[in-house]
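Colleague: Dropping a structure here in structure tokens format, bear with me for questions.
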Amino acid sequence: MIYEKNILPAFSYIILLITSLIFAFWWTSKNSSLGAMAVYKTNKFLKNRPELHSEFQFFSFSGIFLFLVFVLNVLLGSILVDINLYLLFSSQGLSGAKRIFSALLQPNWSIIVQVLSSMVDTIYIAFLATFIAVPIAFFFSFFAARNLASKFPFGKSIYTVIRFFSNFTRSVEPLVWAVIFSVWVGVGPFAGMLALSIHSVSSLIKLYSEQIESVSKGPLEAIESTGAHPVLVIWYAVVPQIILPYLSFTIYRWDINIRMATVIGLVGGGGIGTLLVQYQGLAQWNEVGTIVIVIASVVWLMDYLSAKLREAIY
């Protein structure tokens, strides 16, 4: 019965949202749209309204309807998210938040060696995950590019399979992969590295393959006209055009992995995230403050280095 109480209203909201979006498109399209034509042809009260004879305007019937749909969706979202400003500004809640922030701003530096040691683990989790993912993604990205798929035997089928697995593994967040690998290989940095690796492979395949799809056709057609083997065509016409973007994407992915390595540690992926959840579970907020400062410092430093490297590439 709990299932019915929770799911049925949410399902009703989804139906309402979809219906609103359909009507929004219907009414806010041009006069040649199905909705405008239906009103103009059938409704004797609305068919002579001047805004039906002009393009979309906010203060037209269509614009007002769109505004109402927007307001409806804001209200619907606030209900689904269960927004409660009383809880946000209640004296009890503010008192708890003040106690936590006060402790966070008074870090316990006696654990700094332990924190730095875990931070080193986190950095190497991200580094190895990126190192393993890059060659795998580099190889499969050529088969996942639409403009090159036809150049290989069974290219379209391979393209579809790689794209399917890439989209599927990318849609599963690293946090979920970390939980799976924590059960598979045990809790620790190895599980975190595997989780980031599999997500990095799928993400880089998408970025790399889309870069290949945007290369200039001129060099491709020039080398193909010589009768060169497809592999040589790709090597001499495609690879020179994608090296710099590939390096930029790789550095960006490494930057993402540094931040994600902290998060997956919360679910058994090792590194500083595991240390963070341990102290948070014991409500030792001074120690949590130390960890947060170290994480923020390292993320800021890595972001700075990543930006500098990308500037150097271009």
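The values are calculated or read from the model by the stated rules, or taken from the named source; none is laboratory data. Just so it is clear, the model here is predicted, and its values are computed rather than measured. SASA here: full protein model, heavy atoms, side chains in, ligands and nucleic acids out. Shrake-Rupley method; radii C 1.70, N 1.55, O 1.52, S 1.80 Å.
Colleague: For the range 167-257, report the translational diffusion coefficient in µm²/s to the nearest whole number, using Stokes-Einstein at 20 °C, 1.002 mPa s, and a Kirkwood Rh over Cα pairs.
Modeller: Answer, rounded: 141 µm²/s.
Colleague: For the range 94-163, what does the accessible surface come to per residue with a 1.4 Å probe? Please give it in Å².
Modeller: Using a 1.4 Å probe on heavy atoms only, each residue of the range 94-163 averages 60 Å².
Colleague: For the range 266-310 and the range 127-201, write down the distance between their C-alpha centroids in whole Å.
Modeller: Taking the Cα centre of each part, the range 266-310 and the range 127-201 sit 26 Å apart.
Colleague: So if I average 1/r over every pair of distinct C-alpha atoms in the range 231-314 and take the inverse, what Kirkwood radius in Å does that give?
Modeller: Numbers: mean 1/r = 0.0665 Å⁻¹.
Result for the range 231-314 stands at 15.0 Å.
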